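The structure appears right after this line, and notes come after that.
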Amino acid sequence: MRVGLLTEGGYPYATGEALVWCDRLVRGLDQHEFEIYALSRSAHQEAAGWTGLPAQVRRVRTAALWGAPPVRRVGRRQRRRFAEHFAELAAAIASPGAGEPGTGHLADRFANGLHGLAELALDLGGLSAALRSEDAVRLLERACRLPGAAHGAQQARVADLLTVTEALERALRPLSLDWYGPFGLARVDLCHAASGGAAALPGLVAERFFGTPLLVTEYGVRLREHYLEDHPAGPADPARSGAPRPAPVRTLLTAFQGRLAAEVYARAALITPGNTHARRWQERCGADPERLRTVYPGMDAARFAEVGEGGERGDGTAGTGDDGRTLVWVGRVEPPKDVVGLLHAFAEVRRRRPDARLRIIETRRADAPVEPAGEDYPARCRALAAHLFPDEAADAHTVGDNPVSFERLGEPGVPSLPEAYAAGGVVVLASVVEGFPVGLVEAMFCGRATVSTDVGAVCEVIGGTGLVVPARNPRALAEACLALLRDPARRARLGAAARARALELFTIEQNVAAFRGIYLELMSHCPVRREEVGEDGAPLPFALPAEAHIPGRWTAGRDGDGSGHRSADPAPSRGAQEHTPGWAVPVSREALGVGPAASHTTEEGV
């Protein structure tokens, strides 16, 4: 099977999101061919280069979501078509409740505008200039001034409208790429978007024009991330100057992101959230529960085997590093992790258990960039620790020592991640915001008892193998830590149960096996009909999986002919053309031979 893997800000770049997960997926499914269509978010990411790619990656095509867009002249007729479709999209995002599910008429208007712009982009070879034009600003302003428009949209000024149109151009830039010709997404059997948002847009175009099934995987819901980034009290967006966006800009862009997420979920053949927390977000955005299938992210358990299999020692403690008095925190010292709350909780632990110690092990490199909102947070945490726990000495002849230590992964005391989790008997997570708690799973692989706050997917991951307390409650966190420090047998029992649960649910093998079955299932319900030929023009036998040749009425639904096959040129009847909008008429592959856009192609393994 030929899979088009769609990514944004991640694989195959050496720095970015979902890098490890995508690499493990591609390497684990080596019986398939992969073509990677990657969107980069910054010049720094492109400068860092790519990670090593396996032989099954046959092609990589990249495009930038940053920088100046290409300029193309738009004729008068095309300007009228653009005005028609963009006005529909603008009206959909300027209306009250545009970001809420259950507003079907707004979803239809958004879909009409989006797919109409996609068709126009294929005809013109790009829409970036039109989306940043004065016409786009005037159309958006008109939608915001209509009676009944959202209150935030009505407050938009010209500067706000310029900001919104610029952001919309960047978000819709994938529509203007040259990825949809006969040597691009038109020839793949499956589009697999590694996230929602802009990464799924090429999959929407391929699903619309070629009937290619779209699989969407979200381990962190893009819409939720957008809400957190754009909230006045949330983390600053590094792509902006650091000042929060005005309320009208947030209103319009939030509505756009919400409508885009709903359209992606409506068009996807299958959606695989990484946990129940993400699944609830997707259902809230209108995703059909019958097309949701939870697939936990796969992690490498082998690297933690030595610590996890250390076993229980004779004194009842949980193996290497468990001295019965040390708490360990591992992660990045930033505001959502609430290290300040952890320090206040440890003050209560220290009051009732004077020999207790806390090791804070930071995984971020010393030269790694820090978000502006959290630049001084590590310094604040160190100052608070020095205030709460002044250096103590056993007598007048010994050097004072602080029960809280700040360390960095890679230093002599903690040279590796397994040794960091092995540094104590109880691993603590005190976050106030969390998606899928990767660090918690790593601690489980190490056979450690854990104390966590009830945020994100923590309860789902723990499943009764650790203690969970409310977030922002230092007293409850301290009580749970003390309960485990006082009971070594319970620590060992919970640690063993946690390791068994992690090995059952969160390994690489489990993740790859799940997607292997999903790929074949989607292919069997959406088979293709085409002849694969080699470089000499001769047919290639067995180039397509057996599922591509399964006939029968049970595979109908994509083209309506009952054969279950997708036609190479599904031209509609004349009557259908007369009563169907232009964007809704399927386009032949030959008609998609548009000029190149702002992207480049690199062949790998060919």
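Please say if segment 164-231 is rounded, prolate or oblate, where rounded means a/c under 1.5 for a ≥ b ≥ c the square roots of the C-alpha gyration tensor eigenvalues, and otherwise the choice is prolate for a/b larger than b/c and oblate otherwise? Here segment 164-231 falls in the oblate category. Among 22-29, 62-69, the peptide with the highest mean count of other Cβ atoms within 10 Å heads the list, and the full ranking is 22-29, 62-69.
Close amide-amide hydrogen proximity is noted between LEU270 and LEU214, VAL216, each under 5 Å apart and 5 or more residues distant or on a separate chain (H modeled in the peptide plane; Pro and chain starts excluded). Our estimate of slack between ARG352 and ASP300, defined as 0.36 nm per intervening residue step minus the Cα-Cα distance, is 14.9 nm.
If a/c stays under 1.5 just call it rounded; otherwise compare a/b with b/c (prolate if a/b is bigger, oblate if not). Do that for segment 402-493, with a ≥ b ≥ c from the square roots of the Cα gyration tensor eigenvalues. It comes out rounded by the Cα gyration axes. Taking Cβ atoms as reference points and 11 Å as the exclusive limit, the residues near PHE110 contribute a net charge of -1, counting Lys and Arg as +1 and Asp and Glu as -1. Accessible area per residue (1.4 Å probe, heavy atoms of protein chains only) ranks GLU119, GLU306 as GLU306, GLU119, with the largest value leading. With R₀ fixed at 51 Å, the C-beta to C-beta distance from ARG77 to ALA159 puts the FRET efficiency at about 0.95. For ARG351, ARG501, ARG516, the ranking by accessible surface with the largest value first comes to ARG351, ARG516, ARG501, using a 1.4 Å probe.
A cut-off of 5 Å between modelled amide H atoms, ignoring neighbours fewer than 5 places along the same chain, links LEU429 with VAL451, SER452, THR453.
Taking trypsin sites (Lys or Arg not before Pro) across segment 133-210, the ones in a DSSP loop with at most 15 further Cβ atoms lying within 10 angstrom of their Cβ are ARG157. Ranking LEU540, LEU253 by solvent-accessible area of protein heavy atoms (1.4 Å probe, all protein chains present), from largest to smallest, gives LEU540, LEU253.
In this rough spin-label picture, where each label sits 7 Å from Cα along the Cβ direction, the ASN402-GLU283 distance is 4.6 nm. Answer rounded, prolate or oblate for segment 447-494, using the Cα gyration tensor with square roots of eigenvalues a ≥ b ≥ c: rounded when a/c is under 1.5, else prolate when a/b is larger than b/c, else oblate. It is oblate, given that a/c is not under 1.5 and a/b is not larger than b/c.
Under 17 Å from a label point set 7 Å out along the Cα-to-Cβ vector of GLN31, the amide N atoms of segment 501-521 belong to 509-521.
The heavy atoms of ASP338 offer some 30 square angstrom of accessible surface to a 1.4 angstrom probe.
Heavy-atom accessible area for ASP487, with the other protein chains in place and a 1.4 Å probe, reaches approximately 60 Å². In order along segment 514-519, the phi-based Karplus estimate (6.51 cos²θ - 1.76 cosθ + 1.60, θ = phi - 60°) of 3J(HN,Hα) comes to 5, 6, 4, x, 5, 4 Hz; Gly and Pro are listed as x.
The values are calculated or read from the model by the stated rules, or taken from the named source; none is laboratory data. All values derive from a computational prediction rather than experimental measurement. Note that we place each Cβ from the backbone using ideal geometry, even for glycine, and neighbour counts take in every protein chain shown. Note: areas computed on protein heavy atoms with side chains; ligands, DNA, RNA excluded. Shrake-Rupley method; radii C 1.70, N 1.55, O 1.52, S 1.80 Å.
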